[in-house]
Amino acid sequence: MGEKIYEVRKIKKKGKGMPLIGDKFPKMEVQTTQGMMKLPKAFKGKWFILFSHPGDFTPVCTTEFVSFQLRYDQFRDLDCELIGLSVDQVHSHLKWIEWIWENFDVDIEFPVIADTGKVADTLGLIHPNKGTNTVRAVFIVDPEGIIRAMLYYPQELGRNMDEILRMVEGFQTADEKSVAIPANWPCNEIIGKGLIIPPASDIETAIKRPEKYKCFDWWLCYRNYYKW
């Protein structure tokens, strides 16, 4: 038992560990295909998504880059930027981006980080059971530099870009209107585009809830998205 406690203390002394939801995105200076950038400072006041991939010239990652780019205008409409990452270097990134342009007529406009391993280690992107490649991770970061969501995908499964778009829009709606977002929003099977009102915290509020909102019960009330 004493040895286990000692090992835990040793791990804690090494550093804070990988960031978690609600943490500040770690400050770092990175080399990208668009020059040096300081994160999260480069995107101050904006949402941004950092997504990692195992390596350049890989089939699934290539489809993901094209999909991200084809939706880039939709992300920017939400004031959200994109930035990719892998442990390959800039010349490799540039050649891969050129290959995508030549073969799919798609111009990758977002920057891609050329990592030596330091960024991946800081963000917890190297998983012991997956070798030395970075896993498919997605960090959604808000304008204050706070990590709002973290997604991890295995190498054999590509990401769903429409879900990532939905998450950004959902976070922005929840923040703006102080609500919670139901499953599959805006196509929820129970309340459609409705937004969930936070549960009442006292008896008086609970009693008045059905007078103000649509309710299944005092703890499950919602309001129409377009009648706010």
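The values are calculated or read from the model by the stated rules, or taken from the named source; none is laboratory data. What you are looking at is a predicted structure, and each value in this text was computed from that prediction instead of being measured. Cβ sites come from the backbone with ideal geometry, for glycine too, and all protein chains shown count toward neighbours. The area values use the complete protein model at the heavy-atom level, side chains included, leaving out ligands, DNA and RNA. Shrake-Rupley method; radii C 1.70, N 1.55, O 1.52, S 1.80 Å.
In this calculation the C-beta distance from ASN184 to SER92 is compared with R0 = 45 Å, giving a FRET efficiency of 0.70.
Percent relative contact order of region 34-188, based on C-alpha pairs within less than 8 angstrom and at least six residues apart? Rounded, it is 28 percent for region 34-188.
Inter-part distance, region 160-228 to region 17-88, computed on C-alpha centroids, equals 29 Å.
Helix 90-104 against the longest principal axis of the chain: what's the angle in degrees, Cα atoms only, rounded to the nearest 10? The angle comes out near 70 degrees. Matching the structure-derived mean projected area of the Cα convex hull in nm² against the labelled list (1) 13.3; (2) 16.9; (3) 11.9 gives the label (2). Dipole size of the chain about its Cα centre, with +1 on Lys/Arg Cβ and -1 on Asp/Glu Cβ: approximately 1100 debye, rounded to the nearest 20.
Ligands, DNA and RNA left out, the accessible area of region 178-227 computed with a 1.4 Å probe is 58% carbon and sulfur. Between PRO54, PRO210, PRO143, the Gaussian network model of the chain with springs among Cα atoms under 10 angstrom shows the greatest mean-square fluctuation at PRO210. A crude spin-label estimate for the pair ILE203 and ASP162, with each label 7 Å from Cα along the Cβ direction, gives 4.8 nm. Over 32 Å apart at the Cα level, from the set LYS44/LYS177; LYS44/LYS212; LYS27/LYS177; LYS44/LYS214; LYS44/LYS193; LYS118/LYS193, are LYS44/LYS212; LYS44/LYS214; LYS118/LYS193. Accessible area per residue for region 23-160 is 48 Å², calculated with a 1.4 Å probe on protein heavy atoms, without ligands, DNA or RNA. Computed from Cα positions, the angle between helix 2-14 and the longest principal axis of the chain comes to roughly 80 degrees.
Summing Cβ point charges (Lys, Arg +1; Asp, Glu -1) relative to the Cα centre of region 178-227 gives a dipole of roughly 240 debye.
If R0 is taken as 35 Å, the Cβ-Cβ distance between LYS212 and LYS46 corresponds to a FRET efficiency of 0.55.
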